[in-house]
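What follows is calculated from the coordinates using simple rules that are stated; it is not laboratory data. Because the structure is predicted, anything quoted here is derived from the model rather than measured. Cβ placement follows ideal geometry from the backbone for every residue including glycine, while neighbour counts extend to all protein chains displayed.
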Amino acid sequence: MKRRSFIQKTGIVGLGLAITPLACTNALDTEILILGGGLSGLYLAYLLEKEGRDYILLEGSNRIGGRMFTRKDMDRDVGGKGVGDGYAEVMSLIEELNTEMIDITDYMNSPTAIYKDGVLHNTWDSKEPNPRMLQYIAFGKEKKLDALDEWYKRPELDEVYSKVLKRNGLSETEIDLVNISANYNDVRETSVMNAYHSSAFIKYNTSKRVLNFKGGTAPFIESIVKTLKKPVLKNKMVTSIDDSGDSVLVTCSDGTNYKSKKVVSTMPFSTLRDVKMNVSFNSNQEKAIQNLNYTKITQIHLTHSAPYWEEDGSPAAMWTDTPLERVMNLSSHKDEKQIACWVNGKGTNFFDTMSEKEVAAYTIKKMNEIRPASIGKIEYLGMQNWGKYKYNKGAYAEFGVGQASWFEDMIKPASNLHFAGEHTAHMSRGMEAAAESAKRVFFELIN
């Protein structure tokens, strides 16, 4: 594909406009320009500094950390929770920075109540399958992959997830219930390869314990930043990327320009697709940038004045068939309870139509209805809507049917533009995926 063919062919906003090519005589600002100050971008900068390479790191928002986000207004983490002790890259960084961690293994799997058809069950003793476990019961009948990096190499397994669930005994009604806790936008649209990848990661990443950052993710992010000799430049929302062949010019919304030999985008494709780009992409990169989905998640955080779960004798955590979906304890300490409603995928649409005041009122009313003991004891604290958060537009990448076959092509360097971020990891998920991808690009750049 010729260098300019992508911007001529595509019809989506931001990629359909060519920009004036660079004058090749302009001096470079840096050797490597990193786009995105989340874990992937920070870890790449950390590795490059150890190698003595020159770089500039741009972050589009007014804070550093990406999806590792401690909301100061709520004093809560809304991303970056749950680190497996087998996460090779993340644990290596944690140890190098002497980061304090809290072991949450023993209480993260504490009992979960089930609220279905207007009845709260402390334990599920019905003859019907536990609705919270339907996905695992059905998908558990499938033969699992043999390696962490096999998920994108098995096109013969690629089909819509709901078809697999139905083949293994679930009714359409039960598939509706799976959507509550499946962690995808819609199991009737997403590929089963996401489930294969997740199950392989759980099986093969060697983690025995689950840890959280003491004091939240913010101190960990700050400790990485402190090791860097160069400051992370914030409020640098990228609006265009122009690759002339000899160098790349990146323009930001504040009018500043940065010219480098190489650019590394850690931006999710959900936001990269809004950038005007004059870059030579292969056909699968073009399709992935335009079409790769990201899972929508809305968290509704609550505070409590008294432990109402002790009064009514039911577990604090709940799975429900209401718009609140799941109620979780997101605390990093065994003696605390940080209660939040966790809503996935299309379920977030219910709250997207409301003002924040309406979300708060609905949530308290519904919680009081489910748990009368909570009346007068809970208050709305805040909400994190990852689907509407403009710097991510979703919580994590989610492959549709047939899209896993794009993976190997979509992560290749496109001339002088390299790709990192959790969506580009061969093996891992979440934070480890972000770090794994940074390590891969580090070797692409230095070799």
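Structure summary
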read-out: Net charge dipole size for the stretch 26-156 [Lys, Arg +1 and Asp, Glu -1 on Cβ; Debye, nearest 20]; value: 700
read-out: Whole-Hz ³J(HN,Hα) from phi, Karplus 6.51 cos²θ - 1.76 cosθ + 1.60, for the stretch 148-154, glycine and proline x; value: 5, 9, 8, 4, 9, 10, 10
read-out: Dipole magnitude of the stretch 100-141, debye to nearest 20 (Cβ charges: Lys/Arg +1, Asp/Glu -1, about Cα centre); value: 340
read-out: Only Lys, Arg (+1) and Asp, Glu (-1) charged, at Cβ; the chain dipole about Cα centre in debye; value: 840
read-out: Span-like helix ranges in the chain, DSSP H, alpha carbon extent 24 angstrom or more, Kyte mean at least 0.0; value: 430-446
read-out: Eligible lysines near Lys144 by straight Cα distance, threshold 19 Å, same-chain separation 8 or greater; value: Lys153, Lys163, Lys166, Lys203
read-out: Cα centroid separation, the stretch 62-128 to the stretch 389-447 (Å); value: 23
read-out: Under 5 Å, built H, 5+ apart or other chain: amide partners of Tyr294; value: Glu398
read-out: For Trp319, Trp124, Trp151, order by how many other beta-carbon atoms lie within 10 Å, fewest first; value: Trp124, Trp319, Trp151
read-out: Cα centroid separation - the stretch 255-288 against the stretch 217-250, whole Å; value: 14
read-out: Eligible aspartates and glutamates near Lys412 by straight Cα distance, threshold 14 Å, same-chain separation 8 or greater; value: Glu286, Glu444
read-out: Largest-first principal axis extents, alpha carbons of the chain, Å; value: 73, 46, 42
read-out: Coil-residue GluC sites (Glu not before Pro) of the stretch 305-373, DSSP, other Cβ within 10 Å capped at 16; value: Glu336
read-out: Sorted peptide list for 28-41, 51-64, 182-195, criterion being average Cβ within 10 angstrom, highest first; value: 28-41, 182-195, 51-64
read-out: Among Asn278, Met267, Trp319 the positive-end extreme of the charge dipole of the stretch 224-346 (Cβ point charges); value: Asn278
read-out: Selected from Ile241, Ile375, Ile297 as most flexible by GNM, with the chain as the system and alpha-carbon contacts under 10 Å; value: Ile375
